[in-house]
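J.: Got a structure for you, questions after.
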Amino acid sequence: MSAKSNKQNKSDDTKKSSSGGFFQNLLASLFASSNPEAEKKRKLKSLAKTISKTKYHSFYRPGSFELTESFGKLMYDIYRVVFPAQQLFRNAQNIAVFKHHIINYSLSEKQFELLAQIDEKKIEEMAKQIDPKKLSEQVEQKLQMFLAEFDNTKTAKIESIYKAYTLFKDFCSFDYYMLLKKYDSSLREGVFSTPPRLEKVNAEYILDDLKDFLSVAYPITGEGIAWNDFFVMLKEVYGKDFITPNTWKKIIVRIKSIQMSKTIDFVIQHASQDFKYETEIQYHYESLIEPYIDKIQNETRESVSKITEALKDSKTNSICMQIFGKTDIQGLLHYVSSYNAILEKKGLNLYEYAEPLGYLKTFLIEYLKKDIREYFDVVVIRGQWDSTLSAPISNAYQELLAISDKISTFDEMMSEEGSLGIKIKTLLPKTSHDSGAENIINRVVSDANDTAKDFIYTSTANLITIGKTVKQLVEDYTNPKPIIVKNWKELEKFIEVPMKDFCVDIYKKIYLFVQLMKQYLSE
């Protein structure tokens, strides 16, 4: 036969083979589509063959859909190793405890020192020695120094240890005992003195267990997990190994091998007849360091705020007792702090200066128009001294009288019938659906706060002027040869108490009240 003839024959044979294969595939496809049950059996048979070729084929018997004692022994061996760690997680269920351990393990000595310095008790001690503004500045400086040490390297290490912890916890906390009870109903939890009597189990009976196991087992085989740092931290905190690092590495190697073989995935596909099933490795990453930093910042700043506010309240109450003999001061009727509850509920601007303005109004009524007026009438009006020297105190006194009246008018304007208060009252019900109403109320309240603040600033400045002059006059009175007021002796007959005591008491009250106002003006 010629070479040409041989070539032709081969070509014909190829065409026949190709043609036959095509028709066979077509028929197989048509047959499968028309008989789903036959196709399922074919896939089950193919999958059984695949399982038989895997490294861990002894785990499963496809013909009876049973998981064997061999797989049960694997679960028992893991259970025996992780049981001490299971107890750890059961006894300390609060994840915040472990987060705290991880963070503390990673802190430097300097950070521990700084952390101690921004502790609430330490802040309370500092608050007794320095003023609130310096306290806030110093604590904030220490806080920033503490946070600055969380550079990229340290942060990455902490996050990696935390990831190792979560993977380790999930793996160890898997309910091996309940799975094994399906192999041996007489099995006792945590008892390893005698080997279990493992029997074959219908795979369908533990399908969910298998899926749950793979979901916690496969993630531990990931790359770049800080297992060494994690186990060092665990031993440092608890003083012992719950699982030795070498034993844990062997578990990872075994799981990795099972994962690579896909044996259990195939078993799940076969037993469930879900041929598309695949184990999804999901690790829901949750940062540890970011929430920690936020927590430290918030707690530290809240401590400073709480402590300084408490000090302010204490100082305010002390000053009020010295000036007024009481702490419950209600100098106004409408621009009052109690109304803030209504505004705050609506998320609106608040009456920021209601409290100090109430103190101011009370002081102007009880002291300016009484004791200070008497002092003014006696020393300034009747006193013989240069008008250029008496002008500042005279002007300040007159302006304070005018401000007292203006505050009363302002307070009336803030009443529900007043020009400002009625706007707030009318628009409040509309704020839930009308942003324009909110804007108008906020503007009215903001303007009212500006007015109140101006009253306080101006009054405080005038009281300082009066106080300085009174102090000079006290010194002048005690001088053997007075320079400012020429007729002190003559003025003494117009008052019922010693002149020096009278002047000193006026100065003390003004000084105390100025200190009270400065607490609000420095904010």
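J.: Look at the range 292-326 and say how many of its residues are among the aliphatic types (A, V, I, L, M) and either in contact with a strand residue (DSSP E or B) (Cβ under 8 Å, 6 or more places away or on another chain) or over 24 Å from Ala96 (Cβ atoms) (or both).
T.: The qualifying residues number 6.
J.: Now for a different question. Take the conditions of a type outside the set (Phe, Trp, Tyr), over 30 Å from Ile441 (Cα atoms) and free of Cβ contacts under 8 Å to residues at least 24 places away in the same chain and apply them to His270. Does it pass?
T.: So His270 fails the test.
J.: On to the next question. On the given criteria, is Leu333 touching a Gly at 6+ places or on another chain (Cβ under 9 Å) and not polar (S, T, N, Q)?
T.: Answer is no for this residue.
J.: Given Lys49, Lys55, which one is surrounded by fewer than 18 Cβ atoms within 10 Å (Cβ to Cβ), of a type outside the set (A, V, I, L, M) and assigned to a helix (DSSP H, G or I)?
T.: Exactly one residue qualifies, and that residue is Lys49.
J.: So in the range 271-290, with the set limited to residues that are among the hydrophobic types (A, V, I, L, M, F, W, C) and under 14 Å from the mean Cα position of the chain (by Cα), which one is surrounded by the fewest Cβ atoms within 10 Å (Cβ to Cβ)?
T.: Ranking the candidates gives Ile289 first.
J.: With Val201, Val191 as the choices, which residue is at pLDDT below 95, out of contact with any helix residue (DSSP H, G or I) (no Cβ under 9 Å at 6 or more places or on another chain), on the phi < 0 side of the Ramachandran plot and open to solvent by less than 80 Å² (accessible area, probe 1.4 Å)?
T.: Of Val201, Val191, the one residue that is at pLDDT below 95, out of contact with any helix residue (DSSP H, G or I) (no Cβ under 9 Å at 6 or more places or on another chain), on the phi < 0 side of the Ramachandran plot and open to solvent by less than 80 Å² (accessible area, probe 1.4 Å) is Val191.
J.: Among the residues of the range 233-257, which ones are aromatic (Phe, Trp, Tyr) and either over 34 Å from the mean Cα position of the chain (by Cα) or closer than 27 Å to Thr54 by Cβ (or both)?
T.: Selection gives Trp248 alone.
J.: Tally the residues that are of a type in the set (Ser, Thr, Tyr) and buried (at least 19 other Cβ atoms within 10 Å of the Cβ), restricting the search to the range 210-224.
T.: Residues that pass the stated criteria total 2.
J.: Name the pairs: first residue in the range 82-106 and touching a residue at least 40 places away in the same chain (Cβ under 8 Å) and part of a helix (DSSP H, G or I), second residue surrounded by 13 or more Cβ atoms within 10 Å (Cβ to Cβ) and among the basic types (Lys, Arg), Cβ to Cβ under 7 Å, at least 6 apart or on different chains?
T.: What qualifies is Phe89/Lys169; Ser106/Lys154; Ser106/Lys157.
J.: Further question: Among the residues of the range 225-243, is there at least one that is surrounded by fewer than 12 Cβ atoms within 10 Å (Cβ to Cβ), in a helix (DSSP H, G or I) and either on the phi > 0 side of the Ramachandran plot or touching a Phe, Trp or Tyr at 6+ places or on another chain (Cβ under 8 Å) (or both)?
T.: The answer is yes, given that some residue of the range 225-243 is surrounded by fewer than 12 Cβ atoms within 10 Å (Cβ to Cβ), in a helix (DSSP H, G or I) and either on the phi > 0 side of the Ramachandran plot or touching a Phe, Trp or Tyr at 6+ places or on another chain (Cβ under 8 Å) (or both).
J.: I'm trying to understand the selection: among the residues of the range 128-154, which are open to solvent by 100 Å² or more (accessible area, probe 1.4 Å), in a helix (DSSP H, G or I) and among the charged types (D, E, K, R)?
T.: Lys133, Lys134, Glu137
J.: Tell me, please, whether a residue that is out of contact with any strand residue (DSSP E or B) (no Cβ under 8 Å at 6 or more places or on another chain), open to solvent by less than 60 Å² (accessible area, probe 1.4 Å), over 19 Å from Trp248 (Cα atoms) and in a helix (DSSP H, G or I) can be found in the range 180-188.
T.: Yes, because at least one residue in the range 180-188 is out of contact with any strand residue (DSSP E or B) (no Cβ under 8 Å at 6 or more places or on another chain), open to solvent by less than 60 Å² (accessible area, probe 1.4 Å), over 19 Å from Trp248 (Cα atoms) and in a helix (DSSP H, G or I).
J.: If I go through the range 291-325 residue by residue, how many of them are open to solvent by 60 Å² or more (accessible area, probe 1.4 Å) and either on the phi > 0 side of the Ramachandran plot or in a loop (DSSP other than H, G, I, E, B) (or both)?
T.: Within the range 291-325, residues that are open to solvent by 60 Å² or more (accessible area, probe 1.4 Å) and either on the phi > 0 side of the Ramachandran plot or in a loop (DSSP other than H, G, I, E, B) (or both) number 0.
J.: Thr68 passes all but one of (1) open to solvent by less than 50 Å² (accessible area, probe 1.4 Å); (2) farther than 28 Å from Ile255 by Cα; which number fails?
T.: (2)
J.: Give the number of residues within the range 326-380 that are crowded, with 19+ Cβ neighbours inside 10 Å, assigned to a helix (DSSP H, G or I) and in contact with an Asp or Glu (Cβ under 7 Å, 6 or more places away or on another chain).
T.: Residues in the range 326-380 being crowded, with 19+ Cβ neighbours inside 10 Å, assigned to a helix (DSSP H, G or I) and in contact with an Asp or Glu (Cβ under 7 Å, 6 or more places away or on another chain): 0 in total.
J.: Failed condition for Ser64, given (1) in a loop (DSSP other than H, G, I, E, B); (2) of a type in the set (S, T, N, Q); (3) at pLDDT below 90, with all others met?
T.: Against the list (1) in a loop (DSSP other than H, G, I, E, B); (2) of a type in the set (S, T, N, Q); (3) at pLDDT below 90, Ser64 comes up short only on (3).
J.: If you don't mind, another one. Can you pull out every residue in the range 87-124 that is open to solvent by less than 10 Å² (accessible area, probe 1.4 Å) and either polar (S, T, N, Q) or touching a Gly at 6+ places or on another chain (Cβ under 8 Å) (or both)?
T.: Within the range 87-124, Gln111 is the sole residue that qualifies.
The values are calculated or read from the model by the stated rules, or taken from the named source; none is laboratory data. Not measured: the values here are computed from a predicted model. Note that we place each Cβ from the backbone using ideal geometry, even for glycine, and neighbour counts take in every protein chain shown. Just so you know, the surface numbers come from the protein's heavy atoms only, side chains and all, with ligands and any DNA or RNA stripped out. Shrake-Rupley method; radii C 1.70, N 1.55, O 1.52, S 1.80 Å.
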